[in-house]
Structure formats: C-alpha cells, structure tokens
1. Roughly how big is the chain's charge dipole about its Cα centre, with Cβ charges of +1 (Lys, Arg) and -1 (Asp, Glu), in debye to the nearest 20?
2. Specify which residue in the list Val73, Ile8, Ile45 is farthest towards the positive end of the charge dipole of the chain, using unit charges on the beta carbon of Lys, Arg (+1) and Asp, Glu (-1), about the Cα centre.
3. What is the extension gain from Trp22 to Val65, computed as 0.36 nm multiplied by their sequence separation minus the C-alpha to C-alpha distance, in nm to one decimal?
4. Contour minus end-to-end for Asp86 and Asn3, with contour as 0.36 nm per residue of separation and end-to-end as the Cα-Cα distance?
5. Based only on the alpha carbon positions, what is the Kirkwood hydrodynamic radius of the chain, in angstrom?
6. For the chain, what is the calculated [θ] at 222 nm in deg cm²/dmol (nearest 500), taking -39500 (n - 2.57) for each run of four or more DSSP H residues and dividing by its residue count?
7. May I ask you to order 70-76, 53-59 by the average number of other C-beta atoms within 10 Å around their residues, highest value first?
8. Tell me, what HN-Hα J-couplings in whole Hz come from the Karplus equation 6.51 cos²θ - 1.76 cosθ + 1.60 at θ = phi - 60° for each residue of the stretch 11-24, using x for Gly and Pro?
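We did not get these values from a lab; they are worked out from the coordinates using the rules stated. Model, not experiment: these values are computed from the prediction. Note that each Cβ is placed from the backbone with ideal geometry, even for glycine, and that neighbours are counted across all protein chains shown.
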Amino acid sequence: MLNITITIVAACICIALILNLWRLLIGPSVSDRILALDTMYINAIALILLYGMHMGSALYFEAAVLIAMLGFVSTAALCKYLLRGDIIE
C-alpha cells in the first residue's frame, strides 16, 4: 500500500515540476521565474525524499539537505541581485 501511495505522490510532484518549468520559461517577470526556480528546488527535494523512502536508504535524506542548502543560497543570491544589481558589495 505504501508503494502505491509513493508512486501516486511522485507522479503528482512530477506534474508540479513540469508546471514549474513552464512558469520558469514563460513567466511574465523575473520575480516569477525566481519563485518558480525556488519551487522546483522544493519539488526536487520532495522527489528525492520519496525515492529514499521507497528504497529504504537514509543516504537520500542527506542529498535532500544539500539541495535544500544550495537552493536557499541561490535563491537569496538571485533576489539580492534582482534588488541591488550586485551580489557582493
């Protein structure tokens, strides 16, 4: 039963990733594209966690933490660049 649930949730998250990719490519403004990229990071983390649950391995949880840290730093850097035009002052 858990495998069926993980498969259904993974399919829903894949659909969300496709919609985020569409917003990233078509987005009307730069801030929409940054928000879509940040949401894609979150969806990728969810997929990795689901795969880790499916495989029964804790290694995927560490990979999800690394992606979460990189996603946060990149989103903060892009937002700072968008607001000020310079990342490092």
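1. 140
2. After comparing all options, I get Ile8.
3. The span from Trp22 to Val65 would gain 12.9 nm if fully extended.
4. Answer, rounded to one decimal: 25.2 nm.
5. After inverting the mean inverse Cα-Cα distance, the result is 14.3 Å.
6. -31000 deg cm²/dmol
7. Per-residue mean Cβ counts within 10 Å order the peptides as 70-76, 53-59.
8. Result, ordered by residue: 5, 5, 5, 5, 5, 5, 5, 5, 5, 5, 5, 4, 5, 5 Hz.
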